[in-house]
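Everything below concerns the one structure shown next.
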Amino acid sequence: MISSTSWKRSRIPAACRGCTVVVADILDQANNPSAKRPKFGSTLKYIKRFRKAYKGPRKVCGVHNYSDVNRFRKSGTKALVKALGCKQIWLTEAGGLYKFVGYKASQSRQLKATKYMFKLARSIKKVKRLYVYTWFGVPRSARFDAGLVGTDGKPRKAFAEVRKHVK
C-alpha cells in the first residue's frame, strides 16, 4: 500500500513541486442575488458536499466575489470563507463591473466597486491575495465587461485605483 505522502508526491508534476494549489474556487452566488439580505443556501450546500468528499488539506481556497463587490456588501464572501474552512483565501476573480445585465456601462460605478473590493479584502483576515479580473474590456455587444482598460486601449477610472494597490 502507498502512503498518503508518497501518493501525493507521485501525482505532482516535477515542474510544479512547491506550487500552491487552490483547493476550491467558488462564486459568491446567492439564491436571490439582488435580495436585501441574500441567502447562499445552494452555494453553502455545495461547499458542504465538497468538504465531505474532499479530505485533503485546505491550505488555500479561492472565492470569486463579484456579487458582493458590485452590491457593496460582504455577506457572501464572509459566508463562503467560513464554510470553506481554509487557512487562506485568495480572491481569485474579483472586480468592479463596468457593464453587466442590470448594470449600465459606468466608469464611476466601476471605480466605486473597485475601491470597495480592496476595502472588503482588507476586512477579512484570511484573505491573503486578490486577483483582479480582467484588464481588457470587451466589445459593446458583450453582456459582461469588468475590464480596467476599454476596447479603445484607454485606461478606465478603476485602473488608477488598482494601480495604487499593486506591489
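Hey, among LEU91, LEU120, LEU80, which residue is modelled with pLDDT of 95 or more, assigned to a strand (DSSP E or B) and not aromatic (Phe, Trp, Tyr)? Break it down into steps so the answer makes sense when it comes.
Working: LEU120 fails: assigned to a strand (DSSP E or B); LEU80 fails: assigned to a strand (DSSP E or B).
Selected residue: LEU91, the only one of LEU91, LEU120, LEU80 that is modelled with pLDDT of 95 or more, assigned to a strand (DSSP E or B) and not aromatic (Phe, Trp, Tyr).
Among the candidates VAL138, VAL162, which residue alone is part of a helix (DSSP H, G or I) and either over 17 Å from the mean Cα position of the chain (by Cα) or more than 28 Å from ALA83 (Cα to Cα) (or both)? Let's see the steps before the verdict.
Details: VAL138 fails: part of a helix (DSSP H, G or I).
After ruling out the rest, the residue left standing is VAL162.
Here the range 53-73 is the region considered, the condition is being in a loop (DSSP other than H, G, I, E, B) and of a type outside the set (Gly, Ala, Ser), and the residue that is farthest from ALA146 (Cα to Cα) is LYS55.
Regarding the range 80-97, can at least one residue be identified that is over 28 Å from LYS157 (Cβ atoms) and either among the acidic types (Asp, Glu) or touching a Gly at 6+ places or on another chain (Cβ under 7 Å) (or both)? Looking for residues that are over 28 Å from LYS157 (Cβ atoms) and either among the acidic types (Asp, Glu) or touching a Gly at 6+ places or on another chain (Cβ under 7 Å) (or both), one finds none in the range 80-97, hence no.
Selection of first residues in the range 127-155 that are under 17 Å from SER108 (Cα atoms) and of second residues that are among the charged types (D, E, K, R) and not in a loop (DSSP other than H, G, I, E, B), restricted to Cβ pairs under 7 Å at least 6 apart or on distinct chains, gives the following pairs, ordered by first then second residue: GLY137/ASP145; ASP145/LYS99. Scanning the range 54-64 finds no residues that are at pLDDT 95 or above, under 17 Å from the mean Cα position of the chain (by Cα), surrounded by fewer than 19 Cβ atoms within 10 Å (Cβ to Cβ) and not charged (D, E, K, R).
One residue stands out in the range 24-52 among those that are of a type in the set (A, V, I, L, M) and assigned to a strand (DSSP E or B): the one that is surrounded by the fewest Cβ atoms within 10 Å (Cβ to Cβ), namely LEU27. Applying the criterion of being surrounded by fewer than 21 Cβ atoms within 10 Å (Cβ to Cβ) and of a type in the set (Gly, Ala, Ser) to the residues of the range 84-112, the residue that is nearest to LYS128 (Cα to Cα) is GLY85.
The values are calculated or read from the model by the stated rules, or taken from the named source; none is laboratory data. This is a predicted model, so every value here is computed, not measured. Neighbour counts run over all protein chains shown; Cβ positions are idealised from the backbone, glycine included.
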